[in-house]
Amino acid sequence: MNIIEYDESAIPQESRIRVNEKLEKARETAMRILAAAPRSKRDLQERLEAKGHEREVCEELIARIEAVGLIDEHETARAIARTRFAERGRSRRAIADELSRKGFEQDAIESALEQIDSHDEYRVAKELARKRIARDRNGDRQARMRRAVGHIARKGYSPSLAMRCVSEALNEESE
């Protein structure tokens, strides 16, 4: 293999690759952040700025990252909504709150929540009620009901839906 040696001063200035050091450092940081977990644009921006990168550099970088498809807010929000609902039993309201806190745009949040309907929420809340009632055999009916309703409400479900599902689960248990 022949190694070609050249004189850097012989390369015209306009032919040399110009690297923006600040942008390159921000890109490296962004890639580490995105490798850990998908992020919203706002969340990525905040994390980059917290690491000391300038706002303008971050904005330019995020625009480039979005242009090449490394950030897709709608798909990321949809994936988060699916997992929170399926794995943790969270309600649409709780998922919307979480996505909002994470900096997702409103249209991405709405798109993510479209995949969960009220029938799905009822089904999951009912299953949460059954599991909680089956696990909690101590105390009188009222105490068990109160604990189960609290458990379901903490997942973001309305008190009326939680009460209905717990009542149904307790009635099923009595039969």
Of those in the stretch 151-164 that are part of a helix (DSSP H, G or I) and within 13 Å of Ser118 (Cβ to Cβ), the residue least open to solvent (accessible area, probe 1.4 Å) is Leu161
Apart from one, (1) open to solvent by 20 Å² or more (accessible area, probe 1.4 Å); (2) over 30 Å from Gln45 (Cα atoms); (3) aliphatic (A, V, I, L, M) all hold for Ala86; the odd one out is (2)
Being modelled with pLDDT of 95 or more and under 26 Å from Ala96 (Cα atoms) narrows Glu66, Glu49, Glu59 down to just Glu49
Within the stretch 106-127, the count of residues that are assigned to a helix (DSSP H, G or I) and open to solvent by 70 Å² or more (accessible area, probe 1.4 Å) comes to 7
Requested in this report: Would you check if Gly103 is assigned to a loop (DSSP other than H, G, I, E, B), touching a residue at least 60 places away in the same chain (Cβ under 8 Å) and not β-branched (Val, Ile, Thr)?
Outcome: yes
Discussion item. Quick check on Ile80: is it in contact with a helix residue (DSSP H, G or I) (Cβ under 7 Å, 6 or more places away or on another chain), outside any helix (DSSP H, G or I) and surrounded by 12 or more Cβ atoms within 10 Å (Cβ to Cβ)?
Written reply: no
Cβ pairs under 6 Å, 6+ apart or interchain, first in the stretch 139-167 and without any contact (Cβ under 8 Å) to a residue 12 or more places away in the chain, second in a helix (DSSP H, G or I) and of a type in the set (A, V, I, L, M, F, W, C), ordered by first then second residue, are Ala153/Ala162; Pro159/Ala153
task = Report yes if Glu98 is surrounded by 13 or more Cβ atoms within 10 Å (Cβ to Cβ) and either in contact with a helix residue (DSSP H, G or I) (Cβ under 8 Å, 6 or more places away or on another chain) or at pLDDT below 95 (or both), otherwise no.
result = yes
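The values are calculated or read from the model by the stated rules, or taken from the named source; none is laboratory data. Please read these numbers as outputs of a predicted model, since none were measured by experiment. Here the Cβ is made from the backbone with ideal geometry for all residues, glycine too, and neighbour counts use every protein chain on show. Surface accessibility is based on the protein's heavy atoms, side chains included, excluding ligands, DNA and RNA. Shrake-Rupley method; radii C 1.70, N 1.55, O 1.52, S 1.80 Å.
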